[in-house]
Amino acid sequence: MKRRTWFLLAISLSAGCGLPSPAQPAGDGPSKPLPAWLAFSAEALGRADSASAFDPEGGGRFYWSRLRAGASLQPSGWFRMLIEGQDARGASLGGSGIPAGLHDPFDLLQAWAEVGRAETGWRVRIGRQELVLGDERLLGSDRYWDWFGQVFDAVRADYSGHRLHAAAFSGFRVEPSRRRINPFDTASRIAGASLRLETGGEGELEPFVLWKRGGNTVDLMGRNGHRDVVASGLRAQRSLPWRLDGNFEMVLERGHVAADALRAWAGHWELGCKPLGKEFGLHIGLEYNYASGDSNPGDGRHGTFDDLYPAGFNQFGMADPIAWRNIRYPAISAEVPLSRRWTLYSGYRRYWLATIHDGLYPGGDEFLVRNPAATGSYVGSQALVSVGYSLPPRWKIYTGYGHLFAGDYLRQSGYPKGLRTAYVLSSLTF
């Protein structure tokens, strides 16, 4: 009964937030606007997808529905609160069951209080909240593509001044489960600090340091233990002459994994161009990505880069199948405005393992396959295309298709068919 009550409450909030103005007739009485310090928000998102998985036993056709409803309170200029709930459910469209761990009926997504000025000066936030760094390659929430999103029970302090923003935080990742309320995982701790500086050319420079402490780790030799990872990095982006823009991120990691010393690094280098000028919107991007792997698991040094707690999906949403670990790949992408509301997105990638002695990681610490006996490190090539429609300020819809064609490494490891993903996603926000 409680579950049903919470679900109906969320629907009621969603409907209330969808009213075109806060002052509407209520029965025969006069209209009463909401107080200025109170605001409601809601999002209804649905996705149908059909996928063939790397695993021959996986894949299927599913429909996913997600409802978020929240309320924010700001009784003064120095105090704010937010509470947000989420209901995430799935249904099989092809006879197979919903994959384990992908069903989380209504639960608490965020609940935090913040003291301080929002625009300038100091502020401190405590509670269940999102933590985001840069492009979310190492730490992110991914509110759009990741079905549950990612939140942390954390304490965060920020300072905003002229052309700079400093942040420091510490917390634990919340683990989606069927419990009420979802618990945080004491074995998934994250802490960090960053300093973001605005530079000329609509750019920014952000040095950062992150610390991850994880439990229940198994290294490539099968030894149990925990991991301590200190990641020091620099992220930069800027507009460049000749209609170009640049974006890069480099990270160096030290620490230990089980009994081995950790020595790993990764980089992202991207150059974009608007050949027709900013007013036409056409954007073409070239990029190269690298993340180190462990070339000798028995030498006492762990070389696999740890991408910490990134966004579940990145640039191409559902069609992002490989983690930023033991991988190197060039890519090309294009964003083509077809009209004021329609946009075409496309991309092409070619994947190689950084070292054949490590594994292929689809996400997290567990690899999909490890095959040191393979004769080649070429994982495969991937083509992606999607079309988006936007009706500001509330409605968006995307449909897309991605196909990863298996290379020598996948075929020799028992995955000859690669991966195919097709989806339609629609979101409505209030």
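The values are calculated or read from the model by the stated rules, or taken from the named source; none is laboratory data. Note that the structure is predicted; figures quoted are calculated from it, not measured. Positions of Cβ are backbone-derived with ideal geometry, glycine not excepted, and every protein chain shown enters the neighbour counts. For the accessible areas, the whole protein counts, side chains as well, though only heavy atoms, and no ligand, DNA or RNA atoms are used. Shrake-Rupley method; radii C 1.70, N 1.55, O 1.52, S 1.80 Å.
Looking for whichever is in contact with a Gly (Cβ under 9 Å, 6 or more places away or on another chain), among the aromatic types (Phe, Trp, Tyr), open to solvent by less than 20 Å² (accessible area, probe 1.4 Å) and at pLDDT 95 or above here; the options are PHE152, PHE62, PHE79. Which one fits?
On inspection, the qualifying residue turns out to be PHE152.
Exactly one of (1) under 30 Å from HIS357 (Cα atoms); (2) in contact with a strand residue (DSSP E or B) (Cβ under 9 Å, 6 or more places away or on another chain); (3) surrounded by 14 or more Cβ atoms within 10 Å (Cβ to Cβ) is unmet by ARG223. Its number?
Among (1) under 30 Å from HIS357 (Cα atoms); (2) in contact with a strand residue (DSSP E or B) (Cβ under 9 Å, 6 or more places away or on another chain); (3) surrounded by 14 or more Cβ atoms within 10 Å (Cβ to Cβ), ARG223 violates only (3).
Test each condition in (1) at pLDDT below 95; (2) open to solvent by less than 50 Å² (accessible area, probe 1.4 Å) for HIS256 and report the one that comes out false.
Result: HIS256 fails condition (2) only.
Could you list, in sequence order, all residues of region 398-430 that are over 24 Å from LEU360 (Cα atoms), outside any loop (DSSP other than H, G, I, E, B) and in contact (Cβ under 8 Å) with a residue 60 or more places away in the chain?
Answer for region 398-430, where residues must be over 24 Å from LEU360 (Cα atoms), outside any loop (DSSP other than H, G, I, E, B) and in contact (Cβ under 8 Å) with a residue 60 or more places away in the chain: TYR398, GLY400, TYR423, VAL424, LEU425, SER426, SER427, LEU428, THR429.
Give region 403-418 a look and list any residue that's open to solvent by 30 Å² or more (accessible area, probe 1.4 Å) and either under 25 Å from the mean Cα position of the chain (by Cα) or of a type in the set (A, V, I, L, M) (or both), or say none.
The answer is HIS403, PHE405.
What's the number of the only condition in (1) of a type in the set (Gly, Ala, Ser); (2) in contact (Cβ under 8 Å) with a residue 40 or more places away in the chain; (3) open to solvent by 40 Å² or more (accessible area, probe 1.4 Å) that SER177 fails to meet?
Here SER177 clears every test but (3).
What single numbered condition from (1) more than 30 Å from ILE397 (Cβ to Cβ); (2) among the β-branched types (Val, Ile, Thr); (3) free of Cβ contacts under 8 Å to residues at least 60 places away in the same chain fails to hold for ILE284?
(1)
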